[in-house]
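Novice: Structure incoming, see below.
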Amino acid sequence: MRSATQDALRDSLMNRTVLVIDDSEAVRTAFEVLLSIHGVRTHTAASPAEGLAVLAREPVHLVIQDMNFRREATSGEEGVQLFRAIRARQPELPVILLTAWTHLETAVELVKEGAADYVAKPWEDARLLTSVRNLLDLQRARAKVLALQHERAAAREQLVARYELCGIIYASEQMHTLVSMAAQVAQADVPVLVTGPNGAGKEVIADIVQANSAVRRGPYMKVNIGALPNELIEAELFGTEAGAFTGARARPGRFEAADGGTLLLDEIGNLSASGQAKLLRVLQTSEFERLGSNQSRRVRVRLIAATNTNLRQAIREGRFREDLYFRLNVIELELPPLAERREDILLLARHFLDPDFSLSPDAERSLARHGWPGNVRELRNMMQRAALLATGPEITGASLGLPVSRDDLVCAADEVQIDRETIEQALARSAGVVAHAARDLGLSRQALYRRMEKLGLKSTA
């Protein structure tokens with residue numbers, strides 16, 4: 001009677017194709033029989049040249065290759081050359097090495113170059129089948145990842161062709177969704193509220209809304225309310241009449257300056273109570289008075305507000321008007337922190353670096369695992385500082401000033417909960433080699449294993 005495990009194994013291997021390259025007919029036949037039992041289609045080749053010819057004409061999902069092919073050959077060099085030839089032709093194709101214990105060191109070196117696994121002769125069927133199953137599962141996952149990446153690239157190209165994106169840099173699905181929404185709602189003549197932590201890029205999102213709005217050719221005024229003293233905020237927004245206060249002269253405020261265009265009010269959570277009341281009136285009636293004047297002025301302004309403050313909490317604490325909040329929050333665009341869109345980190349880091357500089361592998365690992373409490377602003381500043389202090393064209397991990405120890409990596413893994421999709425993508429890119437995937441994610445191997453265990457993910461490494 002077949003067990004549930006056996007059924008699951010067969011299901012995962014069905015309709016997959018494996019190429020076995022080995023000079024021994026007995027070995028080739030053994031693999032054909034073993035894999036066919038589990039529904040795997042098998043191609044065989046007796047030499048490297050024959051194996052490469054099969055790869056050129058047949059779709060193959062996995063290669064199992066020997067390390068020696070001539071009777072007198074014992075060095076494993078033939079296997080090394082074959083593996084590198086396969087990698088040159090199909091870099092993402094997983095390869096399992098068949099090796100004698102005497103060639104174990106060579107096999108380990110090839111694993112460092114990207115081989116998915118190695119199996120010593122004579123092999124254990126169960127161990128081999130587990131490796132094959134895991135690698136084929138990961139190959140499927142990688143195919144899905146690549147398809148998704150192509151879809152995202154195509155979607156971004158369509159977005160760029162249709163809208164002005166103001167040079168925003170991203171790769172993550174979260175940001176694609178947000179940017180798409182920002183561009184699409186821009187035409188609607190309603191207030192927009194952009195929320196998110198400090199330094200995450202709220203102003204760029206506001207720029208996208210303005211650039212795609214019906215009033216994009218009008219004036220675009222920006223006011224950082226958090227940078228103004230409370231006593232000057234209303235004067236800055238609404239203007240003053242001469243004598244409104246000591247030293248005051250007649251001048252327009254930002255609402256008048258933005259008439260027929262867009263006004264961005266950054267850090268809206270810092271607006272005073274009286275300022276909130278006046279802003280609410282402007283949103284309701286498009287009218288206001290300058291300080292010191294009884295004359296109402298009428299403007300037509302597209303308002304965008306931005307804040308890192310939890311406005312709902314501020315409402316509960318009596319620091320922000322609920323009616324103003326609902327006026328501002330017709331459409332909310334919530335920007336996630338950089339730590340939650342880790343696909344964007346290295347892309348942004350390279351963007352912020354001068355083209356004369358590059359990032360070393362350890363620098364990339366340090367950047368990938370950092371928590372980024374200061375978000376994109378912190379990353380930009382770090383890249384600028386690293387370039388200024390660099391002694392050569394390559395930015396190293398040490399020059400970034402970030403922790404690099406194994407303990408730090410473990411801590412980072414515990415603090416930053418990397419999601420299942422991100423880990424699956426890393427495993428797919430590394431053909432299932434956990435050490436390579438961990439390096440890609442900026443984690444220790446142990447930390448990645450712990451996270452995989454929590455998510456129910458398996459691997460061959």
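The values are calculated or read from the model by the stated rules, or taken from the named source; none is laboratory data. In this text, all values refer to a predicted model and were calculated from it rather than measured experimentally. Here the Cβ is made from the backbone with ideal geometry for all residues, glycine too, and neighbour counts use every protein chain on show.
Novice: I'd like to verify a number: residues in the stretch 274-297 that are over 16 Å from GLY239 (Cβ atoms) and either touching a residue at least 40 places away in the same chain (Cβ under 8 Å) or not in a helix (DSSP H, G or I) (or both), how many?
Specialist: Pass one, the stretch 274-297, residues over 16 Å from GLY239 (Cβ atoms): 276-277, 280, 283-285.
Still in the running and either touching a residue at least 40 places away in the same chain (Cβ under 8 Å) or not in a helix (DSSP H, G or I) (or both): 276-277, 280, 283-284.
Going through the stretch 274-297 one residue at a time, the tally reaches 5.
Novice: If the requirement is being of a type in the set (Lys, Arg) and farther than 24 Å from PHE326 by Cα, which of these qualifies: ARG254, ARG281, ARG217?
Specialist: Numbers: ARG254 fails: farther than 24 Å from PHE326 by Cα; ARG281 fails: farther than 24 Å from PHE326 by Cα.
Checking each option against the conditions leaves just ARG217.
Novice: Report the residue count in the stretch 231-258 for those that are among the polar types (S, T, N, Q) and either surrounded by 13 or more Cβ atoms within 10 Å (Cβ to Cβ) or outside the structural domain of GLU287 (by TED's automatic domain parsing) (or both). Show your work before the answer.
Specialist: Restricting attention to the stretch 231-258, the residues satisfying the condition of being among the polar types (S, T, N, Q) are 240, 246.
If we keep only those that are either surrounded by 13 or more Cβ atoms within 10 Å (Cβ to Cβ) or outside the structural domain of GLU287 (by TED's automatic domain parsing) (or both) as well, we get 240.
Here the count works out to 1.
Novice: Within the stretch 99-143, can you find the residues that are part of a helix (DSSP H, G or I) and basic (Lys, Arg)?
Specialist: So in the stretch 99-143, the residues part of a helix (DSSP H, G or I) come out as 101-113, 125-143.
Selection gives LYS112, ARG127, ARG133, ARG140, ARG142.
Novice: For ILE168, all conditions in the list (1) in contact (Cβ under 8 Å) with a residue 60 or more places away in the chain; (2) of a type in the set (Val, Ile, Thr); (3) under 27 Å from ALA214 (Cα atoms) hold save one; what is the number of the exception?
Specialist: (1)
Novice: Return yes when ARG142 is among the basic types (Lys, Arg) and without any contact (Cβ under 8 Å) to a residue 12 or more places away in the chain and no when it is not. Before you say what the answer is, go through the steps one by one.
Specialist: Working: among the basic types (Lys, Arg): yes; without any contact (Cβ under 8 Å) to a residue 12 or more places away in the chain: no.
So ARG142 does not fit the description; no.
Novice: Moving on to the next point. Only one residue in GLU267, GLU289, GLU317, GLU322 is touching a strand residue (DSSP E or B) at 6+ places or on another chain (Cβ under 9 Å) and farther than 22 Å from ILE205 by Cβ, so which one is that? Step through it out loud before you land on a result.
Specialist: Details: GLU267 fails: farther than 22 Å from ILE205 by Cβ; GLU317 fails: touching a strand residue (DSSP E or B) at 6+ places or on another chain (Cβ under 9 Å); GLU322 fails: touching a strand residue (DSSP E or B) at 6+ places or on another chain (Cβ under 9 Å).
It is GLU289.
Novice: Continuing with this model, one more query. Please determine, by comparing only the residues of the stretch 122-139 that are free of Cβ contacts under 8 Å to residues at least 40 places away in the same chain and surrounded by 13 or more Cβ atoms within 10 Å (Cβ to Cβ), which one is nearest to HIS176 (Cα to Cα).
Specialist: So in the stretch 122-139, the residues free of Cβ contacts under 8 Å to residues at least 40 places away in the same chain come out as 122-124, 126-127.
Those still in the list that are surrounded by 13 or more Cβ atoms within 10 Å (Cβ to Cβ) too: 123, 127.
Numbers: TRP123: 47, ARG127: 41 Å.
Among those residues, the one meeting the criterion is ARG127.
Novice: Still on this model: Take the stretch 17-47 and flag every residue that is under 24 Å from GLY432 (Cβ atoms) and out of contact with any strand residue (DSSP E or B) (no Cβ under 7 Å at 6 or more places or on another chain).
Specialist: Within the stretch 17-47, VAL27, ALA30, LEU34, ILE37, HIS38, GLY39 meet the criteria.
Novice: In the stretch 160-199, what residues are touching a Ser or Thr at 6+ places or on another chain (Cβ under 7 Å) and assigned to a loop (DSSP other than H, G, I, E, B)? Even if it seems obvious, please write down each step before you answer.
Specialist: Our first condition is that a residue be touching a Ser or Thr at 6+ places or on another chain (Cβ under 7 Å); within the stretch 160-199, this holds for 186-187, 195.
ALA186, GLN187, listed by residue number.
Novice: Then there is this: Looking for something of a type in the set (D, E, K, R), touching a residue at least 12 places away in the same chain (Cβ under 8 Å), surrounded by fewer than 18 Cβ atoms within 10 Å (Cβ to Cβ) and in the same structural domain as ALA306 (by TED's automatic domain parsing) - is there at least one such residue anywhere in the stretch 260-268? Working first, answer last.
Specialist: Of all residues in the stretch 260-268, those of a type in the set (D, E, K, R) come to 266-267.
Now restrict to residues that are touching a residue at least 12 places away in the same chain (Cβ under 8 Å): 266-267.
Narrowing further to those that are surrounded by fewer than 18 Cβ atoms within 10 Å (Cβ to Cβ): none.
No, because not a single residue in the stretch 260-268 is of a type in the set (D, E, K, R), touching a residue at least 12 places away in the same chain (Cβ under 8 Å), surrounded by fewer than 18 Cβ atoms within 10 Å (Cβ to Cβ) and in the same structural domain as ALA306 (by TED's automatic domain parsing).
Novice: Might you let me know whether the stretch 241-261 holds any residue that is within 15 Å of MET221 (Cα to Cα), in a helix (DSSP H, G or I) and among the small types (Gly, Ala, Ser)? Before the answer, list the steps.
Specialist: Filtering the stretch 241-261 for residues within 15 Å of MET221 (Cα to Cα) gives 252-261.
Add one more test, that the residue is in a helix (DSSP H, G or I), and what stays is 254-257.
After this cut, where a residue has to be among the small types (Gly, Ala, Ser) as well, the list is 257.
Within the stretch 241-261, one or more residues are within 15 Å of MET221 (Cα to Cα), in a helix (DSSP H, G or I) and among the small types (Gly, Ala, Ser).
Novice: Taking the options VAL160, VAL194, name whichever one is at negative phi and crowded, with 18+ Cβ neighbours inside 10 Å.
Specialist: Numbers: VAL160 fails: crowded, with 18+ Cβ neighbours inside 10 Å.
Result: VAL194 is the single residue among VAL160, VAL194 that is at negative phi and crowded, with 18+ Cβ neighbours inside 10 Å.
One line per residue, one yes/no per condition, for (1) small (Gly, Ala, Ser); (2) within 30 Å of GLU203 (Cα to Cα); (3) not assigned by TED's automatic domain parsing to the domain that holds ALA30:
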{"site": "ILE96", "(1), (2), (3)": "no, no, no"}
{"site": "VAL108", "(1), (2), (3)": "no, no, no"}
{"site": "ALA115", "(1), (2), (3)": "yes, no, no"}
{"site": "SER131", "(1), (2), (3)": "yes, no, no"}
{"site": "HIS150", "(1), (2), (3)": "no, yes, yes"}
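Novice: Let me ask something additional. Restricted to the stretch 100-111, and to residues that are at pLDDT below 80 and out of contact with any Leu (no Cβ under 7 Å at 6 or more places or on another chain), which residue is nearest to GLN81 (Cα to Cα)?
Specialist: Going through the stretch 100-111, the residues at pLDDT below 80 turn out to be 100-108.
Remaining after also requiring out of contact with any Leu (no Cβ under 7 Å at 6 or more places or on another chain): 100-106, 108.
Details: ALA100: 17, TRP101: 19, THR102: 18, HIS103: 14, LEU104: 16, GLU105: 16, THR106: 12, VAL108: 15 Å.
If we take residues in the stretch 100-111 being at pLDDT below 80 and out of contact with any Leu (no Cβ under 7 Å at 6 or more places or on another chain), then THR106 is nearest to GLN81 (Cα to Cα).
Novice: Quick check on the stretch 398-409. Is at least one of its residues modelled with pLDDT of 70 or more and exposed (fewer than 14 other Cβ atoms within 10 Å of the Cβ)? Outline the logic, then answer.
Specialist: So the first thing to find is which residues in the stretch 398-409 are modelled with pLDDT of 70 or more, and the list is 398-402.
Among the residues that remain, those that are also exposed (fewer than 14 other Cβ atoms within 10 Å of the Cβ) are: 398, 401.
Taking every residue of the stretch 398-409 in turn, at least one turns out to be modelled with pLDDT of 70 or more and exposed (fewer than 14 other Cβ atoms within 10 Å of the Cβ).
Novice: Starting from residues that are among the acidic types (Asp, Glu) and either touching a residue at least 12 places away in the same chain (Cβ under 8 Å) or not assigned by TED's automatic domain parsing to the domain that holds VAL215 (or both), keep the ones in the stretch 304-332 and report whichever is farthest from THR195 (Cα to Cα). Please lay out each step first, then the result.
Specialist: Here is the first cut: in the stretch 304-332, the residues among the acidic types (Asp, Glu) are 317, 322-323, 332.
Still in the list and also either touching a residue at least 12 places away in the same chain (Cβ under 8 Å) or not assigned by TED's automatic domain parsing to the domain that holds VAL215 (or both): 323, 332.
Working: ASP323: 18, GLU332: 7 Å.
Looking at residues that are among the acidic types (Asp, Glu) and either touching a residue at least 12 places away in the same chain (Cβ under 8 Å) or not assigned by TED's automatic domain parsing to the domain that holds VAL215 (or both), I get ASP323.
Novice: Could you check the stretch 354-399 and list, in sequence order, the residues that are aliphatic (A, V, I, L, M), more than 15 Å from the chain's Cα centre (by Cα) and in a helix (DSSP H, G or I)? First the steps, then the outcome.
Specialist: Step one: filter the stretch 354-399 for residues aliphatic (A, V, I, L, M), giving 359, 363, 367-368, 376, 379, 382-383, 386-390, 395, 398.
Among the residues that remain, those that are also more than 15 Å from the chain's Cα centre (by Cα) are: 359, 363, 382-383, 386-390, 395, 398.
Once the filter is applied, which keeps residues that are aliphatic (A, V, I, L, M), more than 15 Å from the chain's Cα centre (by Cα) and in a helix (DSSP H, G or I), the stretch 354-399 yields ALA363, MET382, MET383, ALA386, ALA387, LEU388, LEU389, ALA398.
Novice: Got at least one residue in the stretch 319-331 being touching a Leu at 6+ places or on another chain (Cβ under 7 Å), surrounded by fewer than 16 Cβ atoms within 10 Å (Cβ to Cβ) and assigned to a helix (DSSP H, G or I)?
Specialist: There is at least one residue in the stretch 319-331 that is touching a Leu at 6+ places or on another chain (Cβ under 7 Å), surrounded by fewer than 16 Cβ atoms within 10 Å (Cβ to Cβ) and assigned to a helix (DSSP H, G or I).
Novice: A follow-up question, please. Which pairs have Cβ atoms under 7 Å, sit 6 or more apart or on different chains, and link a residue in the stretch 57-86 that is modelled with pLDDT under 90 and surrounded by 20 or more Cβ atoms within 10 Å (Cβ to Cβ) to one that is among the charged types (D, E, K, R) and assigned to a strand (DSSP E or B)?
Specialist: Between residues of the stretch 57-86 that are modelled with pLDDT under 90 and surrounded by 20 or more Cβ atoms within 10 Å (Cβ to Cβ) and residues that are among the charged types (D, E, K, R) and assigned to a strand (DSSP E or B), the close pairs are GLY79/ASP66.
Novice: Of the numbered conditions (1) within 23 Å of ARG133 (Cα to Cα); (2) part of a loop (DSSP other than H, G, I, E, B), ARG70 fails exactly one; give the number of that condition.
Specialist: All conditions pass for ARG70, except number (1).
Novice: For the stretch 429-449, what are the residues that are assigned to a loop (DSSP other than H, G, I, E, B) and either modelled with pLDDT under 70 or more than 20 Å from LEU146 (Cβ to Cβ) (or both)? Steps first, please.
Specialist: Filtering the stretch 429-449 for residues assigned to a loop (DSSP other than H, G, I, E, B) gives 430-433, 442-444.
ALA431, GLY442, LEU443, SER444, listed by residue number.
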